[in-house]
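Engineer: One structure, as structure tokens, below. Some questions next.
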Amino acid sequence: MKMRGARILLEALRCEGVNHIFGYPGGAVLHIYDEMIKHAESLGIKHYLVRHEQAALFGAAGYTQATGKTGVALVTSGPGGTNAVTGVANAFMDSLPMVVFTGQVPTNLIGNDAFQEADLTGITRSCVKHNYLVKKVEDLAPTIKEAFYVASTGRPGPVLVDLPKDMTAQELEFSYPETIEMRSYKPQTQGNPKAVRRAVEAMLEAERPVLYIGGGAIHGGAHDEVRRLAERLNLPTTCTLMGLGAFPASHPLSLGMLGMHGGYWTNMAVNNCDLLISIGARFDDRVTGKLTEFAKGARFIHVDIDPSCISKNVPCDFPIIGDSKVVVQQMLDEVEQMVGHGANITPRQGWHDQIAAWREQHPFWFKEDGDIIKPQYVIHELHRLTGGKAVVSADVGQHQMWTAQLYGFDHPRNWLNSGGLGAMGYGFPAAIGAAVARPNDLVVAVVGDGGFQMSCNELATIKQYNIPVKILVINNGYLGMVRQWQEQFYEHRYSHSNIEVAPDFLKLAGAYDVPAMRATKASEVTAVLEKALNTPGPMLIEMQVAREENVFPIVPAGAALKDMILA
Amino acid sequence: MKHTISLLVENEYGMLSRVSGLFSARGYQIDTLNVAPTLEEGVSRMTLTTHGNDHIIEQILRQTLKLVKVIQVTDMTANPHVEREMVMLTVSARRGEERQEVLSLVKIFRARVVDVSEDALILELTGNGEKVEAFINLLRTIGIQDMVRTGPVAMTRVAAVRALQQIEDEEEFSELTLNEKV
């Protein structure tokens, strides 16, 4: 049967197993939205109408962070696409598999400065894994096949497909390719066996090893393998911001998060290790601090699916290119083989004792202050009341760091945030995506008053679809992280970081007919949280917290990890 | 150090800007660049020259290979190779001694005269960068009115190709020297 390009697009999504789309209509994508409503039942695809295109992208990102499934967003040409760019850049930085469809003006108008025209493939070229402009309907189905394949394999990332309006009206017989073959794109998943053997030898020799786990271990689904490797070789294990949950926070070998706001004991362990075993992490500047001082005496094992990550920031002694899950399993097999040949696994008790002593010396701490709510206390209570089992989506800033430090993630894909790009406004829409993907799990968006005001329009979205997101607003009336830096590094000059002129968040929620609660005293926190979390459906919870609380430890920008400020 | 890098790419819309955009986004420099079709339909060859320390060159090789539509990346400088570029110059050459001097240089450099007018010649020369530079410098004193250069193209020497294949077969960590998506 012949069908329009618009319908072919939707049938192709069905073939890819897409159940949910986040989007916003407009002139250039009207054919697509028309086919969507005409064939809603047979397609089995549910579309969520957001209130700003950026939220469609963040929603799709939260969806993929919470499940591993490729997230899909659909926006119109011109401003629809440009509003989506931040979301595309976010997915690029955090290696999230996403396919983004943008409308485009008709092919005969491209380049004419037509109404709502923007060169979206050009604008996004530096922040996509790949992008396509589909000018002929014959190319549509094969392009979508390729787009999903490229987005979800290798180092995942966003793929943008630009769809001129006239193309979506052209008719063609629908057929979807079953296989795909690209001579220019062949990700390597298996690690080189000799490289794996040499790495394992180094792990057995090491006296002070640290296992350093990044978001790649979550993308690769390597959490089980990572845990078994850590347990088999007694490896103290730290996770990056993006890797939290890839190794259980409550595990005796867990060191928690490293880097700029990492634990004292974690950063000291990394600083003093003799072997750093990196799985799917990229030695980001927020992790390493001053590069020349980072784990100075250590040799590096670096497992990464992206060859360009190896030795990009830190010269690597044992590079292994491959998929995290596959390579760590290869390592486990190699360990057993060496043990079979008489190799010894040492308990390294002295090293573990040293780290425990550091932890005891400077644990995470905060000072209670009468009935003033300390933000850390809120996170602590959130953890306690949810049993550490909630899906938590953070925005960007102080509350994000406190959540990363204190919530204690035991499972992968329960921690969503904008790590690489650090995009404020991420937390709430991403939580919507997660709640759509995992309707049976409790989803909490932990947001600051700044980031929430960049995305609070999505209250209409959760109201419309009754999406049971709990929005926990940590309100300190400041752009807290900016204020903290201004306090610590700019002699208390709080230049334009005071945002105490803000809406009454309860009234704001009320305007959208979303229920809301508030705590202004420490003694109210538990009861309010408990009641809010136990109320079905969407809910906003405002915590009016201490205004000038700081995140500690902090490694000043450009300083070495060991020079972190503790209080 | 200067490097000549050869890329085999799918000849698709926007390909040139993907490569050049990557260079500008990551702060690498393209000194020269040229693009042309290959024997295989739909595949183009880009030859570019760039400079940087070993770390930067390594990153350039890996980042360009990461582009989804790049098939192969070769650092030509790493192996014995032949490099040629072409230059065309409009040189003032009035009748008499001046023209004779230009023509004698043409002969010495095995260049060619491709256009003649009353007081100027257009010359064409093919050679490696050094030869081209020397030719330009000599003509400069006489008077160059206009000049266009292609930037180099390069080919690995036949013997080197065979030796490389042998090394690759024996290579321990071929993934680190890998410059082709296999």
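Engineer: In region A:303-323, which residues are polar (S, T, N, Q) and under 21 Å from the mean Cα position of the chain (by Cα)? Give the steps one after another, and end with the answer.
Structural biologist: Of all residues in region A:303-323, those polar (S, T, N, Q) come to A:308, A:311, A:313.
Hit for region A:303-323 is A:SER308, nothing else.
Engineer: Looking only at residues that are in a strand (DSSP E or B) and β-branched (Val, Ile, Thr) in region A:535-561, which one is surrounded by the fewest Cβ atoms within 10 Å (Cβ to Cβ)? Let's see the steps before the verdict.
Structural biologist: Applying the first criterion (in a strand (DSSP E or B)) to region A:535-561 yields A:539-545, A:554, A:560.
In the following step, the residues that additionally are β-branched (Val, Ile, Thr) were identified as A:541, A:545, A:554.
On the way: A:ILE541: 29, A:VAL545: 28, A:ILE554: 21.
This residue is A:ILE554.
Engineer: Moving to a separate point now. For region A:439-461, name all the residues that are under 17 Å from A:ALA56 (Cα atoms) and not small (Gly, Ala, Ser).
Structural biologist: Just the residues of region A:439-461 that are under 17 Å from A:ALA56 (Cα atoms), to begin with: A:445, A:451-461.
If the condition is that a residue be under 17 Å from A:ALA56 (Cα atoms) and not small (Gly, Ala, Ser), then A:PHE452, A:GLN453, A:MET454, A:CYS456, A:ASN457, A:GLU458, A:LEU459, A:THR461 are the ones that fit.
Engineer: Could you tell me which residue of region A:306-321 is farthest from A:ARG282 (Cα to Cα), considering only residues that are in contact with a Phe, Trp or Tyr (Cβ under 8 Å, 6 or more places away or on another chain) and within 7 Å of another protein chain (Cβ to nearest Cβ)?
Structural biologist: A:PRO319
Engineer: Further, regarding this structure: Looking at region A:198-219, can you tell me whether even one residue there is β-branched (Val, Ile, Thr), touching a Ser or Thr at 6+ places or on another chain (Cβ under 7 Å) and not assigned by TED's automatic domain parsing to the domain that holds A:TYR132? Give the derivation first.
Structural biologist: So the first thing to find is which residues in region A:198-219 are β-branched (Val, Ile, Thr), and the list is A:200, A:210, A:213, A:218.
Of the ones still in play, those that are also touching a Ser or Thr at 6+ places or on another chain (Cβ under 7 Å) are A:210, A:213.
Going one step further and asking which of them are not assigned by TED's automatic domain parsing to the domain that holds A:TYR132, we end up with A:210, A:213.
The answer is yes, given that some residue of region A:198-219 is β-branched (Val, Ile, Thr), touching a Ser or Thr at 6+ places or on another chain (Cβ under 7 Å) and not assigned by TED's automatic domain parsing to the domain that holds A:TYR132.
Engineer: Only one of these conditions is not met by A:VAL137: (1) more than 12 Å from chain B (Cβ to nearest Cβ); (2) farther than 21 Å from A:GLU178 by Cα. Which number is it?
Structural biologist: In the conditions (1) more than 12 Å from chain B (Cβ to nearest Cβ); (2) farther than 21 Å from A:GLU178 by Cα, A:VAL137 misses (2) alone.
Engineer: Scan A:GLY78, A:GLY71, A:GLY59 and give me the residue that is more than 14 Å from every other protein chain (Cβ to nearest Cβ), crowded, with 18+ Cβ neighbours inside 10 Å and farther than 25 Å from A:VAL469 by Cβ.
Structural biologist: On the way: A:GLY71 fails: farther than 25 Å from A:VAL469 by Cβ; A:GLY59 fails: farther than 25 Å from A:VAL469 by Cβ.
None of the others qualify; the one that does is A:GLY78.
Engineer: Take region A:98-144 and flag every residue that is among the basic types (Lys, Arg) and under 21 Å from A:ALA60 (Cα atoms). Quick ask: steps written out before the conclusion?
Structural biologist: Pass one, region A:98-144, residues among the basic types (Lys, Arg): A:125, A:129, A:135-136.
Hits for region A:98-144 are A:ARG125, A:LYS129.
Engineer: Got a sec? Which of A:GLU16, A:GLU11, A:GLU35, A:GLU41 is at pLDDT below 95, surrounded by fewer than 23 Cβ atoms within 10 Å (Cβ to Cβ) and more than 30 Å from A:ASP284 (Cα to Cα)? Give the steps one after another, and end with the answer.
Structural biologist: Details: A:GLU16 fails: at pLDDT below 95; A:GLU11 fails: at pLDDT below 95; A:GLU35 fails: at pLDDT below 95.
When all the criteria are applied, what remains is A:GLU41.
Engineer: What strands (runs of 3 or more DSSP E) completely inside region A:158-239 contain at least 3 residues that are away from chain B (no Cβ under 14 Å) and at pLDDT 95 or above? Working first, answer last.
Structural biologist: Working: elements: A:158-164, A:171-173, A:209-213, A:237-239.
Qualifying strands (runs of 3 or more DSSP E): A:171-173, A:209-213, A:237-239.
Engineer: Scan region B:116-139 and report the pairs whose first residue is among the basic types (Lys, Arg) and whose second residue is part of a loop (DSSP other than H, G, I, E, B) and surrounded by fewer than 14 Cβ atoms within 10 Å (Cβ to Cβ), with Cβ atoms within less than 9 Å and a gap of 6+ or a chain change.
Structural biologist: If the second residue must be part of a loop (DSSP other than H, G, I, E, B) and surrounded by fewer than 14 Cβ atoms within 10 Å (Cβ to Cβ), no pairs are left.
Engineer: Every residue in region A:102-133 that is touching a residue at least 60 places away in the same chain (Cβ under 8 Å) and either within 12 Å of chain B (Cβ to nearest Cβ) or assigned to a helix (DSSP H, G or I) (or both), please.
Structural biologist: Scanning region A:102-133 gives a single hit, A:THR107.
Engineer: Based on what the data block shows, is B:ARG18 surrounded by 18 or more Cβ atoms within 10 Å (Cβ to Cβ) and charged (D, E, K, R)? Give the steps one after another, and end with the answer.
Structural biologist: Numbers: surrounded by 18 or more Cβ atoms within 10 Å (Cβ to Cβ): yes; charged (D, E, K, R): yes.
So B:ARG18 passes the test.
Engineer: List every residue pair whose Cβ atoms lie under 8 Å apart, where the two residues are 6 or more positions apart in sequence or sit on different chains, the first residue falls within region B:86-110 and is in the same structural domain as B:LEU121 (by TED's automatic domain parsing) and surrounded by fewer than 12 Cβ atoms within 10 Å (Cβ to Cβ), and the second residue, located anywhere, is at pLDDT below 95 and part of a loop (DSSP other than H, G, I, E, B).
Structural biologist: B:ARG95/B:GLU118; B:ARG95/B:ASP119
Engineer: Now a separate question. Let me confirm something: among A:VAL18, A:VAL99, A:VAL88, which residue is out of contact with any helix residue (DSSP H, G or I) (no Cβ under 8 Å at 6 or more places or on another chain), under 25 Å from A:ILE305 (Cβ atoms) and not small (Gly, Ala, Ser)? Steps first, please.
Structural biologist: Details: A:VAL99 fails: out of contact with any helix residue (DSSP H, G or I) (no Cβ under 8 Å at 6 or more places or on another chain); A:VAL88 fails: out of contact with any helix residue (DSSP H, G or I) (no Cβ under 8 Å at 6 or more places or on another chain).
Unique residue meeting the criteria: A:VAL18.
Engineer: Okay, next question. Are there strands (runs of 3 or more DSSP E) fully within region B:1-112 with at least 1 residues that are within 12 Å of chain A (Cβ to nearest Cβ) and aliphatic (A, V, I, L, M)? List them. So that I can check it myself, show each step before the final result.
Structural biologist: Details: elements: B:2-10, B:32-37, B:43-51, B:70-75, B:81-92.
In region B:1-112, B:2-10, B:43-51, B:70-75 are the strands (runs of 3 or more DSSP E) which contain 1 or more residues that are within 12 Å of chain A (Cβ to nearest Cβ) and aliphatic (A, V, I, L, M).
Engineer: Identify all residues within region A:88-98 that are surrounded by 24 or more Cβ atoms within 10 Å (Cβ to Cβ) and either over 13 Å from the mean Cα position of the chain (by Cα) or closer than 14 Å to A:GLY419 by Cβ (or both); write none if there are none.
Structural biologist: Looking only at region A:88-98, we keep the residues that are surrounded by 24 or more Cβ atoms within 10 Å (Cβ to Cβ), and these are A:88, A:90-91, A:94-98.
Selection gives A:ASN90, A:ALA91, A:ASP94, A:SER95, A:LEU96.
For every residue, the table says whether it meets (1) β-branched (Val, Ile, Thr); (2) in the same structural domain as B:VAL87 (by TED's automatic domain parsing); (3) in contact (Cβ under 8 Å) with a residue 12 or more places away in the chain.
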| position | (1), (2), (3) |
| --- | --- |
| B:SER24 | no, no, no |
| B:TYR28 | no, no, yes |
| B:GLU41 | no, no, no |
| B:HIS51 | no, no, yes |
| B:ILE57 | yes, no, yes |
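The values are calculated or read from the model by the stated rules, or taken from the named source; none is laboratory data. Only a predicted model underlies this, so the values are computations on that prediction, with no experimental measurement involved. Glycine gets a Cβ as well: all are built from the backbone with ideal geometry, and neighbour counts include every protein chain shown.
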